[in-house]
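Read through the structure below, which is laid out as structure tokens, and then see the notes.
Derivation of every value follows stated rules applied to the coordinates shown; laboratory data play no part. Quantities reported herein were computed from a predicted structural model and do not represent experimental measurements. Note that we place each Cβ from the backbone using ideal geometry, even for glycine, and neighbour counts take in every protein chain shown.
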Amino acid sequence: MSLTNRDIEDLVAFRRELHRFPEISTEEEETARRVAAFLADTGADETVTGLGGHGVAFVYDSGRPGQTVLFRAELDALPIHEISDIPHRSTVAGKGHMCGHDGHMAILAALGRQFGRQRPATGRVVLMFQPDEETGGGAAGVTADPRYEAIRPDFSFSLHNLPGTPLGHVRLKPGVVNCASRGMRIVLEGREAHSSMPESGVSPMAAISRLMPRLAALGRGTSFTQDDFAMATVTHAHMGEPVFGIAPGRGEIRVTLRTRLDARMADLCTAAEALAREAAAADGLACSIDYHEIFVASMNDAEATGHLAAALDAEGIAHDGEELPMRGSEDFGAFGHTSKSAMFFLGSGEKHPQLHNPDYDFPDDLIPIGSRVFMRVVRDRLG
């Protein structure tokens, strides 16, 4: 099986359509509909909708015993206003596909088109279009859905485009490839007062001032190459109201915690919570803590990574493990808790705009490359 020139034209047009109509995390209903419409004529043996929100899975079954192999792409765009003069630029103000998920979807759609013509020889393939990757809830929501068990794979694979790496070159290695991370919100509450009598209130000002550098210091002194790596980045602080007559009685700090391993994250959370509660207690403040955008570490299983490496070699695609692991997070790690999983990173060009830049656009030349790798995995695993 291979893509025809007409297939590639259709896939590029589809990718650009997705680019024009981006939907951010948890809002991807129309994107899922567009994917389903594009794949309608492939005759999937089963379609499962509403997974983890707006996720949709297409199952192509050989009808013969064998393994289940899943490929994942992401539905969501970003709340970033696109700055571009390309004809297919975003039509939605303040939203855009600045991470390349439109291209990842097109690569999976290329697989669907080929499986519509010929099923795998054994087992089955699941094409998973997952919602809500950018905020970390999508993969966890999909794998927690009771219906996921019926399509639970033996192997799960994914890719992400990677600006700064030569076009079509691949980064791949076993072990950690993306860090665990989570957003920690600390709320300190005291009592407002007139600004002429601040002593009559309880202000969070001093506690916030002490706490911010102490939180950041939790990540110092460890190397990213070591399993005990930790990072705490203060991203936001707020207290009181923007007026002159009121001494503040409430403050908030947001900090991103990041580690190579999930176990280290638990220790980092414990240390950060202790600092927050200590600072609050010292100044007579109430303290509450909650977490947002939780990403587990993405770990490439050795066997699954070997299957990707074999596919890359068979297709003559150069690859190495440079630049891995990455400090950035990716929620694909959740699939590794239910299957043997691996992800590779496909170069978008050394001078290509970076992910989340307002002028980013997915390189269409990567669509046939990515689909070739995944199709080779299917041929090697399922025949």
When each pair of different Cα atoms in the stretch 180-295 is counted once in the 1/r mean, what is the Kirkwood radius in angstroms, to one decimal? 14.8
So what does the Cα-only Debye profile of the stretch 1-114 read at q = 0.11 Å⁻¹, as log10 I(q)/I(0), no solvent term? -0.37
Looking at Y360, S181, T225, which one has the Cα that reaches farthest to the positive end of the dipole of the chain (charges on Cβ: Lys, Arg +1; Asp, Glu -1)? T225
Using each residue's phi in the stretch 278-295, evaluate 6.51 cos²θ - 1.76 cosθ + 1.60 at θ = phi - 60° and report the 3J(HN,Hα) Karplus result to the nearest Hz, with x for Gly and Pro. 5, 5, 5, 4, 4, 10, x, 9, 7, 9, 10, 9, 9, 10, 9, 6, 8, 10
Residues in the stretch 48-69 near a label at A121, defined as backbone nitrogen under 18 Å from the 7 Å Cα→Cβ point? 61-69
Trypsin sites (Lys or Arg not before Pro) lying in DSSP loop within the stretch 197-271, provided at most 16 other Cβ fall within 10 Å: R220
In degrees, nearest ten, helix 29-39 long axis to first principal axis of the chain (Cα): 10
When L78, L18 are arranged by how many other beta-carbons sit within 10 Å of their Cβ, fewest first, they go L78, L18
What percentage of all Cα-Cα pairs in the chain are separated by more than 33 Å? 36
In percent, how large is the relative contact order of the stretch 180-295, given Cα pairs closer than 8 Å and 6 or more residues apart? 42
Point-to-point label distance, D380-R6, nm (Cα→Cβ direction, 7 Å offset): 3.2
Where the only charges are on Cβ atoms (+1 Lys, Arg; -1 Asp, Glu), what is the dipole of the chain about its Cα centre, to the nearest 20 debye? 520
Cα-based helix-to-principal-axis angle, 205-217 vs the chain, degrees rounded to 10: 40
Which whole-angstrom value gives the distance between the alpha carbon centres of the stretch 143-172 and the stretch 236-266? 33
Most exposed to least, judged by fewest other Cβ atoms within 10 Å, S90, S348 sort to S90, S348
Before rounding to the nearest 500, sum -39500 (n - 2.57) across all DSSP H runs of length at least 4 in the chain and divide by the residue total; then give [θ] at 222 nm in deg cm²/dmol. -9500 deg cm²/dmol
Within 10 Å of each residue's Cβ, count the other Cβ atoms and sort L308, L167 from fewest upward. L167, L308
Which residues qualify? For A193, with a placed amide H closer than 5 Å and at least 5 residues away or on another chain, they are A247
Viscosity 1.306 mPa s, temperature 10 °C: Stokes-Einstein D of the stretch 179-234 from its Kirkwood Cα radius, in µm² per second? 114
The chain, relative contact order in percent, only Cα pairs under 8 angstrom and at least six apart counted: 24
Using DSSP loop states and a limit of at most 15 other Cβ atoms within 10 Å to flag GluC sites (Glu not before Pro), what is the longest stretch of the chain containing no flagged site? 1-314
